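What follows is a set of notes on a single structure, which appears directly below.
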Amino acid sequence: KQEVTQIPAALSVPEGENLVLNCSFTDSAIYNLQWFRQDPGKGLTSLLLIQSSQREQTSGRLNASLDKSSGRSTLYIAASQPGDSATYLCAVWSGNQFYFGTGTSLTVIP
Amino acid sequence: GAGVSQSPSNKVTEKGKDVELRCDPISGHTALYWYRQSLGQGLEFLIYFQGNSAPDKSGLPSDRFSAERTGGSVSTLTIQRTQQEDSAVYLCASSLGTGSNEQYFGPGTRLTVT
């Protein structure tokens, strides 16, 4: 069974810092990987989707990479802002099911 | 345009009662997904629909859970004889196609079983 792990579980950084969130998965037979953010009491917002044939995707200050063979993805956030504070989740699509990590709770301190 | 909507937003029910949760996907999205998020836990994938069909129901926690989708649009998740461990936020998402497209999530239904 696919297992998705996110490290660290929580992260606190001062505003302006660049940071990296990690996601690893045990079964490399995935179709894609998606990064989300979840704000307290709210649903999830999609940030980036990387297909299995892709190596990275960028959107504004966010860059996500995928190394399918080693079962790893990273989400890079440049010049962090207090508004980036949220829980970040990664998820992989196996073809018939999504598997989510337990998330990284990010706090950006003004 | 309108996003994914879910109703009710909150539901408190007594143990043993049946509940029905509703999801309205984004218009034109053929894929629809149900998840459960328990307090302090990650997202648990329950079931997905491609059109009106659910290819794999093995993610449903027990036979008290069922889901259906009609007309390729609205979906309902039904929990029969609710138990306290069913208390969670139930999230619905939709996408243009299955898996390979971005998912858009609804705000969720918070279910509390007393």
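The values are calculated or read from the model by the stated rules, or taken from the named source; none is laboratory data. Quick caveat: nothing in here was measured; it's all calculated off a predicted structure. A quick note on method: Cβ atoms are made from the backbone with ideal geometry, for glycine too, and the neighbour counts reach across all protein chains shown. For accessibility, only protein heavy atoms count, side chains too; no ligands or nucleic acids. Shrake-Rupley method; radii C 1.70, N 1.55, O 1.52, S 1.80 Å.
The table for this structure:
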quantity	calculated
Coil-residue trypsin sites (Lys or Arg not before Pro) of the range B:47-114, DSSP, other Cβ within 10 Å capped at 14	B:Lys57, B:Arg64, B:Arg81
Residues in the range A:62-110 that, when all protein chains are in place, have 30 Å² or more less accessible area than the chain alone would give (probe 1.4 Å)	A:Trp93, A:Asn96, A:Gln97, A:Phe98, A:Phe100
Whole-number accessible area per residue in Å² for chain A, which is evaluated in the context of all protein chains at 1.4 Å	46 Å²
Share antiparallel - DSSP beta bridges, the protein assembly as shown, percent rounded to 5	90 percent
Qualifying GluC sites (Glu not before Pro) for the range A:1-93 [loop in DSSP, other Cβ within 10 Å: at most 14]	A:Glu3, A:Glu15, A:Glu17
Ranking by accessible area, most exposed first, for A:Thr102, A:Thr74 with a 1.4 Å probe	A:Thr102, A:Thr74
Span from the the range A:59-110 Cα centroid across to the the range B:91-114 one, whole angstrom	18 Å
Loop sites in the range A:1-90: trypsin sites (Lys or Arg not before Pro), DSSP, at most 16 other Cβ within 10 Å	A:Lys1, A:Lys42, A:Arg55, A:Arg61
³J(HN,Hα) computed for each position of the range A:60-66 - Karplus, 6.51 cos²θ - 1.76 cosθ + 1.60, integer Hz, glycine/proline x	x, 7, 9, 9, 10, 10, 9
Partners for B:Lys17 among aspartates and glutamates (Cα-Cα distance below 16 Å; same-chain residues under 8 apart left out)	B:Asp63, B:Glu85, B:Asp86
Amide hydrogen neighbours beyond the local backbone of A:Arg72, cut-off 5 Å, H modeled	A:Phe25, A:Asp67
For the range B:65-73, Karplus couplings with θ = phi - 60° (6.51, -1.76, 1.60), whole Hz, Gly/Pro x	9, 8, 9, 9, 9, 10, x, x, 10
In the A-B interface, the accessible area buried, summed over both sides, Å² (probe 1.4 Å)	1500 Å²
Where chain B is the region considered: accessible area per residue in Å², 1.4 Å probe	46 Å²
All lysines inside 19 Å of A:Lys1 as judged from Cα atoms, apart from same-chain residues fewer than 8 positions distant	A:Lys68, B:Lys57
Normalised alpha carbon radius of gyration of the range B:1-75 [divisor 2.2 N^0.38 Å]	1.15
Cα Rg over Rh - chain A, Kirkwood	0.96
